[in-house]
Amino acid sequence: MARQLRKKTGRQWGLGSRVIIPRRKTSELNKLPEVPYKDVELLKNYVTERGRIIPRRITGNTAQTQRDLTQAIKRARNIALLSFAEGYVSQD
């Protein structure tokens, strides 16, 4: 028995007549010439409570800005301006 193909509508399968229009996202980092790694308050907005870097599809950064942001966060972590995870308690 041949597999029946559904008609492609909108931007995804099976959405009927509904068309998804992607929302344009912008970030304040896209306007800066470079990402400042010393500005900890700015970098904290792009890191979760568990210390993960928030992905580009959520932040609205361009690909180049996201790479620069990742590099800035890693630099700030290495020189101890930014913690690797929020709420870390040392086991002294």
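The values are calculated or read from the model by the stated rules, or taken from the named source; none is laboratory data. Because the structure is a prediction, the values reported are computed rather than measured. Neighbour counts are summed over all protein chains in view; Cβ atoms, including those assigned to glycine, are modelled from backbone coordinates with ideal geometry.
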I want to confirm something. Restricting to segment 17-40 and keeping residues that are at pLDDT below 90 and outside any loop (DSSP other than H, G, I, E, B), which single residue is surrounded by the fewest Cβ atoms within 10 Å (Cβ to Cβ)? Lys31
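Conditions (1) within 12 Å of the chain's Cα centre (by Cα); (2) under 20 Å from Thr26 (Cα atoms); (3) part of a loop (DSSP other than H, G, I, E, B); (4) of a type in the set (Phe, Trp, Tyr), marked per residue:
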| position | (1), (2), (3), (4) |
| --- | --- |
| Leu42 | no, yes, no, no |
| Arg50 | no, no, yes, no |
| Asn61 | yes, yes, yes, no |
| Thr70 | yes, yes, no, no |
